[in-house]
Amino acid sequence: MSAARFVVSGKVQGVFFRASAREQALKLGLRGYAKNLPDGRVEVLAAGDDAALDALTAWLREGPPRARVDDLERLPARDDEAGEGFVTA
């Protein structure tokens with residue numbers, strides 16, 4: 001298992017980004033969370049197999065239809081940070 005923390009910048013709050021990211025992550029069999037950050041960005045932490053994380057990375061670069069992703073940062077994370085299931089906060 002691998003894990004990654006993503007920080008997504010752009011028009012990513014108020015456009016169903018977290019809910020859509022959760023849906024994608026669950027389809028890919030990933031665990032973790034998506035949450036809004038106070039500065040307008042969204043943080044996504046996901047854990048699972050490498051191919052699923054790569055697929056989520058590709059999706060996060062685009063986001064849902066109403067979003068506009070200006071920047072995506074992928075950082076290493078620990079698998080035990082992901083918890084069970086995939087939640088939004």
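So which of 77, 51 is exposed (fewer than 14 other Cβ atoms within 10 Å of the Cβ), among the aliphatic types (A, V, I, L, M), out of contact with any Ser or Thr (no Cβ under 7 Å at 6 or more places or on another chain) and at pLDDT 95 or above?
51
Within segment 28-39, is even one residue open to solvent by less than 30 Å² (accessible area, probe 1.4 Å) and in contact with a helix residue (DSSP H, G or I) (Cβ under 6 Å, 6 or more places away or on another chain)?
Yes, there is a match, as at least one residue in segment 28-39 is open to solvent by less than 30 Å² (accessible area, probe 1.4 Å) and in contact with a helix residue (DSSP H, G or I) (Cβ under 6 Å, 6 or more places away or on another chain).
Quick test of your reading of the structure: residue 88 fulfils all but one of (1) touching a residue at least 60 places away in the same chain (Cβ under 8 Å); (2) polar (S, T, N, Q); (3) open to solvent by less than 40 Å² (accessible area, probe 1.4 Å). Name the failing condition by number.
Residue 88 satisfies every listed condition except (3).
With a cut-off of at least 2 residues that are in contact with a strand residue (DSSP E or B) (Cβ under 9 Å, 6 or more places away or on another chain) and without any contact (Cβ under 8 Å) to a residue 40 or more places away in the chain, name the strands (runs of 3 or more DSSP E) lying wholly within segment 1-74.
Numbers: elements: 2-11, 31-36, 42-48.
Output list reads 42-48.
Output the number of residues of segment 1-27 satisfying the condition of being surrounded by 17 or more Cβ atoms within 10 Å (Cβ to Cβ), more than 15 Å from residue 58 (Cα to Cα) and of a type in the set (Lys, Arg).
1
The values are calculated or read from the model by the stated rules, or taken from the named source; none is laboratory data. Computed from a prediction, not measured in an experiment: that's the story for all the values here. FYI the Cβ positions are ideal-geometry reconstructions off the backbone, even for glycines, and counts take in every protein chain you see. SASA here: full protein model, heavy atoms, side chains in, ligands and nucleic acids out. Shrake-Rupley method; radii C 1.70, N 1.55, O 1.52, S 1.80 Å.
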